[in-house]
Amino acid sequence: MDRLKKLLCVAIMLFTFLPIMAEKEEETGLNPKEIVLEHIKDSHDWHVADINNHAISIPLPVIINSSTGWHVFCSSSFSHDVDENGYRQGPYNLAIATTGQNAGKIVEITGTDISVPLDLSITKTVAVMFINVIILLACILLSARWYRNKKPSDPAPKGFVGFIEMLVMYVVDEIIKPGVGKGYEKYVPYLLTCFFFIFTCNVMGLIPFPPGSGNVTGNITVTFFLAFCTFLIVQFSGNKHYWKDIFWPNVPTWLKMPIPIIPVIEFVGIFTKPFALMIRLFANMMAGHAIAVAITCIIFLVASKAVAVQLSMSALSVIMSIFMMCLECLVCFIQAMVFTMLSAVFIGLARVEPEHE
């Protein structure tokens, strides 16, 4: 339900308020729709700010396999100006499309032929994800180092190490253990990794400048991979009772043959569970980022209005932005917890024994 509410808010913001506000683009020089979409989508350079109509961005490595072979260069090689066909021209007949079905992608232009080559570039999402992983590893390894040469009788850690221990104990005792059940220990590393990775990416996404500002968990490719990992673990952890309930459930025979109504429904359920994991995390994080940026744009869009309108709308926008940021801080933890909890529950359901039903 919360996912649907956020998506509805984004839809209202994008299709109602933003098109109306875009009419003031010539007066304010601000296009809210482009700002919102630029923040939530991936790109080949890391945009930081615009100063005097000059874009300040961090170039990223481009790795392309085109018809002329492999090419490795910097994204700054692409022109910042868009030509009449909507392309930012670059070397080796490559260009970044800004319009059409290939918008945001690197295409190869050979005469009149336009193709999409194999792109293994380090995009903004990938770069931010690498930074988040380094930060996460540093936090966990530094915390683990504290326990070296420590005894169980020693006083509990305080400060940052104590905070990490509290999170670990909470996730293990309150989420993983009840969800998975007996034999939960071997799933703890994966589920803890999911929780801390999602939580770190969510928190870093709230920082409006590098090394933050990345919409990692708002990228459906990332959430797809996380859900796919859970899907594989669930299937390989399933016992014979789990597979029996799918292909020969304990229901009246006429529901299983000659038309396997219930088995088909149960089989489809194998894929709908990870799909729900993927969409839940993606939709909530993407919607939260879009709403926060759109509300902030109100401050600049009312700059050309009367002083009373400008002050009132700016104050309202600041209050709403602060509220959304506080809400997003809570959502960062909740979404990491929900993904871990559902993954633990799905694994536990695949391992349940008949006598435990």
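Dipole of segment 168-272 (Lys/Arg Cβ +1, Asp/Glu Cβ -1, origin at the Cα centre): which of 253, 219, 230 lies farthest to the positive side?
The residue sitting farthest along the positive end of the dipole is 253.
Mind putting a number on the dipole of segment 89-206 about its Cα centre? Charges go on the C-beta only, +1 for Lys and Arg and -1 for Asp and Glu, and I need it in Debye to the nearest 20. Write down the numbers at each step before the final one.
Working: 10 positive and 8 negative charges, 121 e Å.
Its charge dipole is roughly 580 debye.
Which FRET efficiency, nearest 0.05, do residue 168 and residue 43 yield, Cβ-Cβ r, R0 51 Å?
On the way: r = 35 Å, r/R0 = 0.68.
The formula returns an efficiency of 0.90 here.
Tell me, what HN-Hα J-couplings in whole Hz come from the Karplus equation 6.51 cos²θ - 1.76 cosθ + 1.60 at θ = phi - 60° for each residue of segment 248-257, using x for Gly and Pro?
Taking θ as phi minus 60°, the curve returns 8, x, 7, 9, x, 4, 5, 8, 10, 7 Hz for segment 248-257.
Going from most exposed to least, what order do 201, 74 have by accessible area with a 1.4 Å probe? All intermediate terms of the calculation are to be shown ahead of the outcome.
Values: 201 5, 74 50 Å².
Ranked list, largest accessible area first: 74, 201.
Which order do 237, 67 take by accessible area at a 1.4 Å probe, largest first? Don't skip to the answer; put the middle values down first.
Details: 237 25, 67 95 Å².
Order by accessible area, largest first: 67, 237.
With the cut-off at 30 Å, tell me which of the pairs 240/273; 124/177; 41/182; 186/244; 186/256 have Cα atoms farther apart than that.
Values: 240/273 19 Å; 124/177 36 Å; 41/182 41 Å; 186/244 24 Å; 186/256 35 Å.
Checking Cα-Cα distances, 124/177; 41/182; 186/256 exceed 30 Å.
If I take R0 = 22 Å and measure r between the Cβ atoms of residue 207 and residue 319 in this structure, what FRET efficiency does the formula 1/(1 + (r/R0)^6) give, to the nearest 0.05?
Details: r = 21 Å, r/R0 = 0.95.
Given R0 = 22 Å and the Cβ-Cβ separation, E is 0.60.
If one puts a single equal scatterer on every Cα of segment 101-182 and applies the Debye formula without solvent, what log₁₀ I(q)/I(0) results at q = 0.13, 0.15, 0.20 Å⁻¹?
Log10 I(q)/I(0), no solvent term: -0.68, -0.77, -1.02.
How high is the FRET efficiency between residue 264 and residue 144 when r is their beta carbon distance and R₀ equals 51 Å, given to the nearest 0.05?
On the way: r = 47 Å, r/R0 = 0.92.
Given R0 = 51 Å and the Cβ-Cβ separation, E is 0.60.
Could you rank 46, 146 by how accessible they are, 1.4 Å probe, largest area first? Before the final figure, lay out each step's value.
Details: 46 10, 146 80 Å².
Ranked list, largest accessible area first: 146, 46.
What does the accessible area of residue 231 come to, in Å² to the nearest 10, when a probe of 1.4 Å is used?
About 40 Å², rounded to the nearest 10.
Farthest toward the dipole's positive end in segment 54-152, which of 95, 125, 138, given Cβ charges of +1 (Lys, Arg) and -1 (Asp, Glu) about the Cα centre?
138
Per 10 Å bin, what percent of the C-alpha pairs of segment 196-255 does each bin hold, from zero upward?
19, 28, 20, 17, 12, 4, 0
The values are calculated or read from the model by the stated rules, or taken from the named source; none is laboratory data. Given the structure is predicted, the values throughout are model-derived calculations rather than measurements. Here Cβ is always computed from backbone atoms with ideal geometry, including for glycine, and neighbour counts include all displayed protein chains. Note: areas computed on protein heavy atoms with side chains; ligands, DNA, RNA excluded. Shrake-Rupley method; radii C 1.70, N 1.55, O 1.52, S 1.80 Å.
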